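A.B. asks: Dumping the structure here so I can ask a few things about it.
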Amino acid sequence: MPWQPELHVFVYGTLRRGEANDINRLTPAPRYLGQARIRGALYDLGPYPGVVLGGEAWVRGEVYAITPELESELDRIEEVAPVPSGEYARRHVDVEVDGQPLLCLVYEIDARRVQGRPRIVTGDWLRRR
């Protein structure tokens, strides 16, 4: 039976292609669906970013189709399971992919963790440098 993913994830930081935790190096491999954007504010936390959802600004990233097994691995990387660190929370929100909404898993940073941290005004972790 062919793989029929129904789960989608929006990645905006170290899980993006070429970054430290590149999702494409994880197993089972995700399927790339395209560039995407979401409403929110992106913050620089040093080695990784965090997004606070909502507002008028856009945050850029990538969308992937994933399996439940990969979703569990992402939860571990983002420390929301098996024991939540409290830094990130799982959210399911509409992400804009090629102008169309797609329901995706997004890992949102706790807003208290970004107080005093610089905002990435471009909304793009890859263009922060």
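The values are calculated or read from the model by the stated rules, or taken from the named source; none is laboratory data. The structure displayed is predicted, hence computed values, not measured ones. Counting neighbours? That spans all protein chains shown, and the Cβs are built from the backbone with ideal geometry, glycine included. For the accessible areas, the whole protein counts, side chains as well, though only heavy atoms, and no ligand, DNA or RNA atoms are used. Shrake-Rupley method; radii C 1.70, N 1.55, O 1.52, S 1.80 Å.
A.B. asks: Taking the range 102-113, which residues are over 21 Å from residue 35 (Cβ atoms) and either in a strand (DSSP E or B) or in contact with a strand residue (DSSP E or B) (Cβ under 9 Å, 6 or more places away or on another chain) (or both)? First the steps, then the outcome.
C.D. replies: Pass one, the range 102-113, residues over 21 Å from residue 35 (Cβ atoms): 109-113.
Within the range 102-113, 109, 110, 111, 113 qualify.
A.B. asks: Working only within the range 68-88, note down all residues that are within 16 Å of residue 104 (Cβ to Cβ), out of contact with any Lys or Arg (no Cβ under 7 Å at 6 or more places or on another chain) and in a loop (DSSP other than H, G, I, E, B).
C.D. replies: Matches in the range 68-88: 78 only.
A.B. asks: Please enumerate the residues belonging to the range 102-113 that are closer than 14 Å to residue 10 by Cα and open to solvent by 90 Å² or more (accessible area, probe 1.4 Å).
C.D. replies: Answer for the range 102-113, where residues must be closer than 14 Å to residue 10 by Cα and open to solvent by 90 Å² or more (accessible area, probe 1.4 Å): just 103.
A.B. asks: Specify which of the listed residues (89, 57, 36, 81) is open to solvent by less than 40 Å² (accessible area, probe 1.4 Å), of a type in the set (A, V, I, L, M, F, W, C) and without any contact (Cβ under 8 Å) to a residue 12 or more places away in the chain. Before the answer, list the steps.
C.D. replies: On the way: 89 fails: without any contact (Cβ under 8 Å) to a residue 12 or more places away in the chain; 57 fails: without any contact (Cβ under 8 Å) to a residue 12 or more places away in the chain; 36 fails: without any contact (Cβ under 8 Å) to a residue 12 or more places away in the chain.
That would be 81, the only listed residue that is open to solvent by less than 40 Å² (accessible area, probe 1.4 Å), of a type in the set (A, V, I, L, M, F, W, C) and without any contact (Cβ under 8 Å) to a residue 12 or more places away in the chain.
A.B. asks: Hey, among 116, 99, which residue is open to solvent by 30 Å² or more (accessible area, probe 1.4 Å), at pLDDT below 95 and out of contact with any strand residue (DSSP E or B) (no Cβ under 8 Å at 6 or more places or on another chain)?
C.D. replies: Numbers: 116 fails: at pLDDT below 95.
The unique qualifying residue is 99.
A.B. asks: If I ask for residues that are under 14 Å from the mean Cα position of the chain (by Cα) and more than 15 Å from residue 95 (Cβ to Cβ), which ones from the range 24-43 would you list?
C.D. replies: From the range 24-43, those under 14 Å from the mean Cα position of the chain (by Cα) are 24, 30, 32-43; that's our starting set.
24, 41, 43, listed by residue number.
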